[in-house]
1. Report, in whole Å, the centroid distance computed from the Cα atoms of region 225-296 and region 405-420.
2. State which entries of K88/K267; K302/K362; K193/K295; K267/K295 exceed 30 angstrom in Cα-Cα distance in the structure shown.
3. Averaged per residue, what accessible surface does region 265-347 expose to a 1.4 Å probe, in Å²?
4. Whose amide H sits under 5 Å from the amide H of T276, counting only residues 5 or more places off or on another chain, with H placed in the peptide plane?
5. Would you mind putting 306-315, 104-113 in packing order, based on average other-beta-carbon counts within 10 Å, highest first?
6. If you line up the Cα atoms of region 266-307 on their principal axes, what length do they span on each, largest first, in Å?
7. Which ³J(HN,Hα) values in Hz, rounded to whole numbers, follow from the phi angles of region 129-143 under the Karplus curve 6.51 cos²θ - 1.76 cosθ + 1.60, where θ = phi - 60° and Gly and Pro get x?
8. Taking amide H positions as placed in the peptide plane 1.01 Å from N, state which residues far from G342 in sequence (5 or more) or on other chains have amide H under 5 Å from it.
Amino acid sequence: MTVPCACDDERQATVSRRRLLATGAAGAFAGLAGSQLDTGLAFAADPAYAGDVLVLLSLRGGFDGLSAVVPHGDAAYYPARPGIGVPKAQLIGGDSFFGLNPGLAPLLPYWTGGQLAAVHAVGQPAPNRSHFSAMEELERAAPGTSIRTGWLNRMLGSLGTSDVFNAVAMGTAMPARVLAGPAGYLGITSVDKTQLNGDQADRPIAATMAALYEGAPAALGRTSAQLTGALAQAAKLRAAGYAPANGAVYPATELGGALRDVARLIKSGVGLMSATVDSGDWDMHENLGVATPGKRMFDQLKAFATALAAFAADLGPDGLRRVTVVTISEFGRRVTQNGSGGLDHGYGNAMFVLGGGVRGGKVYGRWPGLAAANLRDGDLAVTTDYRAVIGEILRARCGLGDLASVFPGVTTSSLGVTTSR
């Protein structure tokens, strides 16, 4: 049986909302091509920030953690997925209970090398099978409170940021909900497209704007300075060009291009503290397929893994030591496949953590089991709050002292996924 889904309606609502937000936030800079500048007040910056660059990779649409990190040792797994379960013989990087989908093969060297780990049975405090609502809660990360800012913006405020290049939503010119708040950030489709429309040598719009706002009141001058400063920095990066290092080859996909630009910013020394990147098309209600090339989930996982592996290779061991990548998704999928060979919206999920400070090569978290009595309304139960995992990373790798300022009421996990800097 397939559970009816209002995914198309919710996607349309999400796009409409984000367009409205983009219009409101970027209205003063309508000529800025390929980017969006959030011009809220920034907190005082700490120029001595020595924490990791946190890269938040959002797997939009409801990622199926049970297809990616397969619990082959759970007796209930294969009966629940007779047509789409990944055979044990095809799994890679596994142990006596878990194994990785073969589509993730490009990331296997980082798994076996100890830089990539997974956390299973992770998710939000309460089930929410609505894309729109679940994403809102995931990125606000403060259920039961009146807080309306995004958790990543709160993190930036706690750590201190004064430059829009400290935080970048890469691959989109629309506001990122997780970055909503007073700390400034930059949303760009790509580094090379960050410029004012029509800003040419014979029409120096950016220079004219800087001259117009010279001596203006602080509130106006600060906004103009942020804009022209971002444009000047982007112009320097364009002039310098970029070639990935260490033989890294990024796929010609939106995710590949976004991660390439994140690596570019990290290595350029612009002061990047955090970046967000979206990867969509995980909403597989039908034809998820077996774990072989040409099938939907396999191909999607391979594209994801290829882009992320290129990013890690591009940074190299030294660069990866000061970067932590964490994946999130609004919810997982149902344990039992539906009548269309796919999976409907569920609850518990899996997260990946990649970085030089990761204790990798294993699956963390308390496994609740897939037997019917252990499920939450037919879904994988959540035994670890996703915020606790991220909180551990923020403390151990980013130097955040006050977790409550980012995730109110949440205690840092004691999983030990990462080492301390």
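1. The two parts, judged by their Cα centres, are 27 Å apart.
2. Correct reply: K88/K267; K193/K295; K267/K295.
3. About 31 Å² of surface per residue is accessible.
4. The list, which skips near neighbours in sequence, is L56, V168, A169, M170.
5. Details: 306-315: 24.3, 104-113: 19.0.
Packing proxy ranking, top to bottom: 306-315, 104-113.
6. Principal-axis extents of region 266-307 (Cα, largest first): 43, 19, 9 Å.
7. Rounded to whole hertz, the list is 9, 9, 3, 4, 5, 5, 5, 4, 5, 4, 8, 6, 6, 8, x.
8. Those qualifying (amide H under 5 Å, at least 5 residues apart or on another chain) are N287, L288.
The values are calculated or read from the model by the stated rules, or taken from the named source; none is laboratory data. Everything numeric here is computed off the predicted structure, so don't read it as measured data. We place every Cβ from the backbone using ideal geometry, glycine too, and count neighbours over all the protein chains shown. What goes into the accessible areas is simple: the full protein's heavy atoms, side chains included, and nothing from ligands, DNA or RNA. Shrake-Rupley method; radii C 1.70, N 1.55, O 1.52, S 1.80 Å.
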